[in-house]
Amino acid sequence: MADRELTKFGFRKLGNDNYPQWRIHMRGLLQTKDIASAITEPEDDDSDKAKGLITLCVQEYHLPLIEASPTAHDAWTALEQLYQQRSSANLIRLKRELANLEKRRDETVMQYVARARGLADQITAAGQQPDDADILQAVLAGLPSKFAMMRTILESLDELPSLTDATAKL
């Protein structure tokens, strides 16, 4: 499947659904090659190398956009502008999912919390760090009624426990 194709660097090529994650991986790759400054500085000496790596890590339908960009900085900016709107919509969707999170009957508390953490990680990858208290509040709010007493106890503490501590108590 072309959308799931990995680059030789171990992460998926940029497609229509993975820009936030790709951006983090790509920046990391450029940093390991010591050429990350090429995406932030328009006239960097390593621009050609960085643009070459970016070219290798995108799907073919992005190639005209990369080719039309004279520098790595321009290519990076063009991709960022292309996906900025999509990322905003994705961020709103992820935040809504976290806010409406509910524990399924067939999942354990650990699986439920792992699902919440997965959403929090996706929100972070989309460019916004969720507050630990917000994650805990979403987890507590989505628990079934048999957890009502524990939820009340945790919510009435002067200081909310960490998600890890709350998970252990649940």
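State all residues of the range 14-26 that are among the basic types (Lys, Arg) and in contact with a helix residue (DSSP H, G or I) (Cβ under 6 Å, 6 or more places away or on another chain); if no residue qualifies, say none. Hits for the range 14-26: nothing passes. Kindly indicate whether any position in the range 152-159 is modelled with pLDDT of 85 or more and surrounded by 15 or more Cβ atoms within 10 Å (Cβ to Cβ). So far as the range 152-159 goes, yes, one or more of its residues are modelled with pLDDT of 85 or more and surrounded by 15 or more Cβ atoms within 10 Å (Cβ to Cβ). Taken over the range 83-99, the criterion of being touching a residue at least 24 places away in the same chain (Cβ under 8 Å) and not charged (D, E, K, R) is satisfied by Tyr83, Ser87, Asn90, Leu91, Leu94, Leu98, Ala99. Scanning the range 47-83 for residues that are open to solvent by 20 Å² or more (accessible area, probe 1.4 Å) and among the polar types (S, T, N, Q), we see that the one that is farthest from Arg12 (Cα to Cα) is Thr71. Taken residue by residue, the range 85-99 has no member that is in a helix (DSSP H, G or I), over 21 Å from the mean Cα position of the chain (by Cα) and hydrophobic (A, V, I, L, M, F, W, C). Taken over the range 121-136, residues that are open to solvent by 80 Å² or more (accessible area, probe 1.4 Å) and either more than 17 Å from Arg93 (Cβ to Cβ) or not in a helix (DSSP H, G or I) (or both) amount to 3.
The values are calculated or read from the model by the stated rules, or taken from the named source; none is laboratory data. Since this is a predicted model, take the numbers as computed values, not measurements. Every residue, glycine as well, gets a Cβ built from its backbone with ideal geometry; the counts of neighbours run over all protein chains shown. When the accessible area is computed, the model is the full protein with side chains, heavy atoms only, and any ligands, DNA or RNA have been set aside. Shrake-Rupley method; radii C 1.70, N 1.55, O 1.52, S 1.80 Å.
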